[in-house]
Amino acid sequence: MKVSDILRVKGNALYTVTPEDTLADAVKLMDEKDIGSLVVMSNGLVVGMLTFREVIKTLVKNGGQLGGTTVYRAMDPGPLTCTMATEMDEVRRMMLDRHARYMPVIENRMLMGVISFYDVAKAVVDAQNFENKMLKAYIRDWPEEEPEGKSEPNFP
């Protein structure tokens, strides 16, 4: 399974901010859209990622206040990225190694979407459920065996 398979099912809703936006506005957008991340874009390019993790770190650093902090001051300037052709096993490994919950999908420097650890886990569970159904159908349709002694010839 590839990243493109997940994005096809997930859809293509994307939410972005710029480095100059205030962190307060970004948090408000995250709340309104019920999302845990925003891609930070500048001049049409991905320049960072803002997740609830960066927001919490900034709140702690600022004594619980967002003030006039910009997204630039809080964002992760080097987020993990993948392409549409990246295999799911590779995405899982990358996310686990870096403790990343969100990953922008970039193709030819263009943002195609964002996948979350939830999206990856859901894809794995869905694939396992499909495999289980296929195995159960295979077992259910297994041909019945002949009773012992009936199918084999008797030789003296």
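From 46, 55, 91, which residue is touching a strand residue (DSSP E or B) at 6+ places or on another chain (Cβ under 8 Å) and part of a helix (DSSP H, G or I)? Steps first, please.
Numbers: 46 fails: part of a helix (DSSP H, G or I); 55 fails: touching a strand residue (DSSP E or B) at 6+ places or on another chain (Cβ under 8 Å).
None of the other options fit; the residue is 91.
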(request) State all residues of the stretch 109-130 that are at negative phi, at pLDDT 85 or above and not charged (D, E, K, R); if no residue qualifies, say none. (result) 110, 111, 112, 114, 115, 116, 117, 118, 120, 121, 123, 125
(message) Tell me whether the stretch 18-27 contains one or more residues that are assigned to a strand (DSSP E or B), touching a Ser or Thr at 6+ places or on another chain (Cβ under 9 Å) and within 16 Å of residue 117 (Cβ to Cβ).
(response) no
(request) Using the structure shown, decide if residue 58 is open to solvent by 40 Å² or more (accessible area, probe 1.4 Å), at pLDDT 95 or above and among the β-branched types (Val, Ile, Thr). (result) no
(request) For residue 91, state whether it is buried (at least 19 other Cβ atoms within 10 Å of the Cβ), farther than 14 Å from residue 111 by Cβ and touching a residue at least 60 places away in the same chain (Cβ under 8 Å). (result) yes
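Residue-by-condition table, conditions (1) closer than 30 Å to residue 128 by Cα; (2) surrounded by fewer than 12 Cβ atoms within 10 Å (Cβ to Cβ):
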| site | (1), (2) |
| --- | --- |
| 4 | yes, no |
| 8 | yes, no |
| 18 | no, no |
| 31 | no, yes |
| 41 | no, no |
| 63 | no, yes |
| 70 | no, no |
| 78 | no, yes |
| 99 | yes, yes |
(message) With within 20 Å of the chain's Cα centre (by Cα) and not hydrophobic (A, V, I, L, M, F, W, C) as the only criterion, which of 81, 69 stands out?
(response) 81
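The values are calculated or read from the model by the stated rules, or taken from the named source; none is laboratory data. Quick caveat, the model's predicted, so the values are computed rather than measured. FYI the Cβ positions are ideal-geometry reconstructions off the backbone, even for glycines, and counts take in every protein chain you see. To get the accessible areas, we keep the full protein, side chains included, count just its heavy atoms, and leave off ligands, DNA and RNA. Shrake-Rupley method; radii C 1.70, N 1.55, O 1.52, S 1.80 Å.
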